[in-house]
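Novice: Let me give you the structure first, and then I'll get to my questions.
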């Protein structure tokens, strides 16, 4: 897998904004098969920053119904919280 396959997107939320200001940590959506070292290399390659720590968790999909009785589920995904070296930042604009 290349870096674009591993890192799908950067999650922009209120909690993520507080994390980026306080701890210099950013939340990314990663491929479910990616390991912590692969996520670290991908973030460093894509954003040209130095990664200090990577924390990951698998997030289960939620039950959803849209205009039907039949239930469905959103997809499962992997969340990675990437802490960067002091002074580095990911430009989200």
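The values are calculated or read from the model by the stated rules, or taken from the named source; none is laboratory data. Note that the structure is a prediction, hence the values are computed from the model and not measured. All Cβ positions, even for glycine, are placed from backbone atoms using ideal geometry, and neighbour counts span all protein chains on display.
Novice: Identify, from the list 28, 43, 49, 54, the residue that is assigned to a loop (DSSP other than H, G, I, E, B) and closer than 9 Å to residue 82 by Cβ.
Specialist: Working: 28 fails: assigned to a loop (DSSP other than H, G, I, E, B); 43 fails: assigned to a loop (DSSP other than H, G, I, E, B); 54 fails: assigned to a loop (DSSP other than H, G, I, E, B).
It is 49.
Novice: Here is a check on your reading of the model: is residue 18 part of a helix (DSSP H, G or I), without any contact (Cβ under 8 Å) to a residue 60 or more places away in the chain, out of contact with any helix residue (DSSP H, G or I) (no Cβ under 6 Å at 6 or more places or on another chain) and surrounded by 12 or more Cβ atoms within 10 Å (Cβ to Cβ)?
Specialist: On the way: part of a helix (DSSP H, G or I): yes; without any contact (Cβ under 8 Å) to a residue 60 or more places away in the chain: yes; out of contact with any helix residue (DSSP H, G or I) (no Cβ under 6 Å at 6 or more places or on another chain): yes; surrounded by 12 or more Cβ atoms within 10 Å (Cβ to Cβ): no.
So residue 18 fails the test.
Novice: Mind checking which pairs have a first residue in the range 34-51 that is on the phi < 0 side of the Ramachandran plot and without any contact (Cβ under 8 Å) to a residue 12 or more places away in the chain and a second that is loosely packed, with under 15 Cβ neighbours inside 10 Å and outside any helix (DSSP H, G or I), Cβ under 9 Å, 6 or more apart or different chains?
Specialist: 44/50
Novice: Within the range 65-88, how many residues turn out to be surrounded by 10 or more Cβ atoms within 10 Å (Cβ to Cβ) and out of contact with any helix residue (DSSP H, G or I) (no Cβ under 8 Å at 6 or more places or on another chain)? Break it down into steps so the answer makes sense when it comes.
Specialist: Applying the first criterion (surrounded by 10 or more Cβ atoms within 10 Å (Cβ to Cβ)) to the range 65-88 yields 72-74, 76-85, 88.
Now narrow it down to the ones that are out of contact with any helix residue (DSSP H, G or I) (no Cβ under 8 Å at 6 or more places or on another chain): 72-74, 76-79, 83-85, 88.
Going through the range 65-88 one residue at a time, the tally reaches 11.
Novice: Also: So which residues in the range 21-33 are within 21 Å of residue 1 (Cβ to Cβ) and free of Cβ contacts under 8 Å to residues at least 60 places away in the same chain, if there are any at all?
Specialist: Filtering the range 21-33 down to residues within 21 Å of residue 1 (Cβ to Cβ) leaves 26-33.
Once the filter is applied, which keeps residues that are within 21 Å of residue 1 (Cβ to Cβ) and free of Cβ contacts under 8 Å to residues at least 60 places away in the same chain, the range 21-33 yields 27, 28, 29, 30, 31, 32, 33.
Novice: Here's another thing I want to ask about it. Give the residues of the range 63-93 that are touching a strand residue (DSSP E or B) at 6+ places or on another chain (Cβ under 8 Å), assigned to a loop (DSSP other than H, G, I, E, B) and within 17 Å of residue 46 (Cα to Cα), sorted by residue number.
Specialist: Residues of the range 63-93 touching a strand residue (DSSP E or B) at 6+ places or on another chain (Cβ under 8 Å): 63-66, 71-74, 76-85, 90, 92.
From the residues that got through so far, the ones that are assigned to a loop (DSSP other than H, G, I, E, B) too are 65-66, 71, 74, 76, 85, 90, 92.
Correct list: 85, 90, 92.
Novice: Also, quick follow-up: Of (1) under 13 Å from the mean Cα position of the chain (by Cα); (2) modelled with pLDDT of 95 or more, residue 24 satisfies all except one. Which?
Specialist: Going through (1) under 13 Å from the mean Cα position of the chain (by Cα); (2) modelled with pLDDT of 95 or more one by one, residue 24 breaks only (1).
Novice: I want to confirm something. Restricting to the range 1-15 and keeping residues that are loosely packed, with under 10 Cβ neighbours inside 10 Å and out of contact with any strand residue (DSSP E or B) (no Cβ under 9 Å at 6 or more places or on another chain), which single residue is farthest from residue 87 (Cα to Cα)?
Specialist: The selected residue is 2.
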